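The values are calculated or read from the model by the stated rules, or taken from the named source; none is laboratory data. Bear in mind that the values here come from a model prediction, so they are computed numbers and not experimental data. Using ideal geometry, Cβ is built from the backbone for each residue, glycine included, and neighbour counts are taken over all protein chains shown. Accessible surface areas use protein heavy atoms only, side chains included; no ligands, DNA or RNA. Shrake-Rupley method; radii C 1.70, N 1.55, O 1.52, S 1.80 Å.
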Amino acid sequence: PDIVFYQQPYMYNKTHEPLRVSEFALTYYIPYYVPNYWIPHLYWWRDFHRHLFRYYQPNKEWADCLSNFVIKNIVGIGHTMLDEFYLKKNIISSNNYVIYAPHWSIKHEKNKNAEYYSTFLHNHKEILEYAKTHPEFNWVFKPHPTLKRALIRSEVMTEEEVDNYYNEWAKIGQCSYDSNYVDLFLDSKALITDCGSFTIEYFATGKPLIHLISKDCIPKPPKFVQEIFDTYYKVNNNKELYQVLDNILIDDNDYLKEKRHSVLKKETWLNSYNAKNIIKDIKQVCMNKFERELL
């Protein structure tokens, strides 16, 4: 191939690493996630980053932030994951799903990770019980694919207990275990989550996000992302959880709506067709390369 795209800096065969592939192809990288937190461990693979021809980030601020830490071949041009929201932004919700999307990164000695986003052990029962008492809403349980394994590995729940919990959700709503979620997000009323890139992707819908915050969370959002985070309904404990759920779902009191839409409008990287921007950049690179070869 002349062009190779990577989505992650790990779990690939050595024959496919950028060091070798760059000998015959232009190597490009668009992460599978949309960044929201500053997580240094994602940039430890310096050998991977060093041999990339282009490393695409959602905007100039992220590119500048990472170029000081990693390498200089980063371009803040947009993220293709956000294109689905851009192209489908006029879809009108009909099901108004309420989505609970818990992350896998619980804090436990047998579940070492660099995030500890997860609040699952503190509120998973409460959210399920709340859903059971409010059948008037269309509930969707969308756990991170790694959550079940993390719970069992950490021995905080038995496999039977985990299965029972998942089955309880199946009794009262839908369970979404695949990688398709854009249409689900667009056809929703609100998202309850402690996840990573979901916080940015759901922000692109303009709908209210209930952010479950772990006191153990290690990463922090950079300053230029904080403005987006400030449009979320922050939940630090179960008392706040019930208050926010009642506000958004029962009272329909989305008091951050105007602020959220104002920030969303200002964030231009959520309002352009990023794939076109990237294709234009690739064409320009190839044209420059062709002209140099002619000389």
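Observations, loosely collected:
- Its alpha carbons considered, the range 71-182 gives a radius of gyration followed by a Dmax of 17.1, 53 Å.
- Sites ILE218 and GLU136, calculated FRET efficiency, Cβ-Cβ separation with R0 41 Å, nearest 0.05: 0.65
- Remark: the range 228-244, residue by residue, has Karplus-estimated 3J(HN,Hα) of 5, 4, 6, 9, 8, 8, 7, 10, 9, 7, 6, 4, 5, 4, 5, 4, 5 Hz, where x stands for each Gly or Pro and the curve is 6.51 cos²θ - 1.76 cosθ + 1.60 at θ = phi - 60°.
- 25 °C / 0.890 mPa s Stokes-Einstein diffusion coefficient of the range 189-249, Kirkwood radius on C-alpha pairs, µm²/s: 204
- Computed over the chain, the per-residue total of -39500 (n - 2.57) for DSSP H runs of n ≥ 4 gives a 222 nm mean residue ellipticity of -11000 deg cm²/dmol, rounded to 500.
- Residues whose amide H falls under 5 Å from that of PHE5, counting only those 5 or more places apart or on a different chain, are TYR28, with hydrogens built in the peptide plane.
- The calculated FRET efficiency for the pair ILE3 and ARG153, based on their C-beta separation and a Förster distance of 30 Å, comes to about 0.20.
- DSSP beta bridges confined to the chain are antiparallel in about 5 percent of cases.
- Hull volume per residue, based on the alpha-carbon atoms of the range 144-268 and their convex hull, is 136 Å³.
- Reciprocal of mean inverse Cα separation for the chain (Kirkwood radius, Å): 20.7
- Full-stretch length increase - ILE92, LYS234 - with 0.36 nm per residue and alpha-carbon distance subtracted: 48.5 nm
- Accessible area per residue (1.4 Å probe, heavy atoms of protein chains only) ranks ILE250, ILE200 as ILE250, ILE200, with the largest value leading.
- Rounded to the nearest whole Hz, the Karplus-based 3J(HN,Hα) values (6.51 cos²θ - 1.76 cosθ + 1.60, θ = phi - 60°) of the range 107-115 follow the sequence 7, 7, 4, 9, 9, 5, 7, 9, 10, with x at glycine and proline.
- Computed label-point distance, nm, for sites LYS14 and ASP163 using a 7 Å Cα→Cβ extension: 4.1
- Magnitude of the charge dipole, the range 179-295, Cβ model with Lys/Arg +1 and Asp/Glu -1, debye to 20: 480
- Here the relative contact order of the chain, from alpha carbon pairs under 8 Å that lie six or more residues apart, stands at 20 percent.
- Packing-based order for 7-18, 164-175, using average beta carbon neighbours within 10 Å, highest first: 164-175, 7-18
- Overall, the chain carries a charge dipole of about 920 debye about its Cα centre when +1 sits on the Cβ of Lys and Arg and -1 on the Cβ of Asp and Glu, all other atoms neutral.
- Theoretical FRET efficiency, 1/(1+(r/R0)^6), r = Cβ-Cβ of LYS125 and LYS257, R0 22 Å, to 0.05: 0.15
- Most mobile of LYS207, LYS223, LYS60 in a GNM of the chain (Cα contacts under 10 Å): LYS223
- Selected from HIS122, TYR166, MET11, residue furthest toward positive end of dipole (the chain; charges at beta carbon): MET11
- Across LYS189/LYS223; LYS148/LYS265; LYS132/LYS234; LYS89/LYS223; LYS72/LYS259; LYS72/LYS276, pairs whose alpha-carbon gap is larger than 32 Å: LYS148/LYS265; LYS72/LYS259
- Annotation: peptides 80-86, 275-281, ranked by per-residue average of other Cβ atoms within 10 Å with the highest first, follow the order 80-86, 275-281.
- Placed amide H near TYR97: partners under 5 Å, 5+ positions off or other chain: SER188, LYS189
- Dipole-positive endmost among PRO221, LEU249, TYR181 within the range 139-295 (Cβ charges, Cα centre): PRO221
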